[in-house]
Amino acid sequence: MNDITAQELKERLDNSETLYLIDVREEYENEEFNIGGKLIPLGSLPSSLNELEHLKENELILYCRSGARSGNAKLFLEGLGFNKVRNLIGGMMVWRSTFKG
């Protein structure tokens, strides 16, 4: 699936769409700033698959600081049959610079 821009994600959040957001950053990064995603750090993703299995047919939007870790997480999940995975382009860096918060 194509990745998602910060603008598109913000619009969907503002429209109160039901979204499955996964934050693959570390806990301290999430505590500093987050947009409400479920925290599953990239290193914990393989052991946390049971938390995501029921969402296998849903669109998952992954994000991290810059988009690199979430890009790796996307590839990992796609390899396990998750077909609707999107990466937030530029991650929280772009989000914060675009929306100043």
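Data for the structure
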item	result
Projected label distance in nm at THR98 and LEU13, using a 7 Å step from Cα toward the beta-carbon	1.0
Whole-Hz ³J(HN,Hα) from phi, Karplus 6.51 cos²θ - 1.76 cosθ + 1.60, for the stretch 57-70, glycine and proline x	9, 9, 6, 10, 10, 9, 8, 8, 5, 10, x, 6, 5, 5
3J(HN,Hα) from dihedral phi, the stretch 49-55, Karplus parametrisation 6.51/-1.76/1.60, rounded to Hz, x for glycine, proline	4, 4, 6, 10, 3, 6, 9
Reachable aspartates and glutamates from LYS74, criterion Cα separation under 13 angstrom, eight or more residues apart if same chain	ASP3, ASP23, GLU59
Karplus-derived HN-Hα couplings along the stretch 21-30 (A = 6.51, B = -1.76, C = 1.60, θ = phi - 60°), whole Hz, x at Gly and Pro	9, 10, 9, 9, 6, 7, 4, 5, 5, 5
Counted charge near ILE89, where neighbours are those whose Cβ lies closer than 15 Å (Asp, Glu -1; Lys, Arg +1)	+4
Built amide H within the under 5 Å cut-off of ARG86, gap 5+	LEU60, ILE61, LEU62
Simple Cβ-charge dipole of the chain, Lys/Arg +1 and Asp/Glu -1, about Cα centre, in debye nearest 20	240
Equivalent ellipsoid dimensions for the stretch 12-65 as semi-axes, Å, which come from the Cα gyration tensor, largest first	18, 17, 7
Cα-projected label distance for SER44 with ASN72, points at 7 Å along beta-carbon direction, nm	1.7
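All of the numbers you see were taken from the coordinates with simple rules; none came from a lab. Keep in mind the model is a prediction, meaning the values are calculated, not measured. Cβ sites come from the backbone with ideal geometry, for glycine too, and all protein chains shown count toward neighbours.
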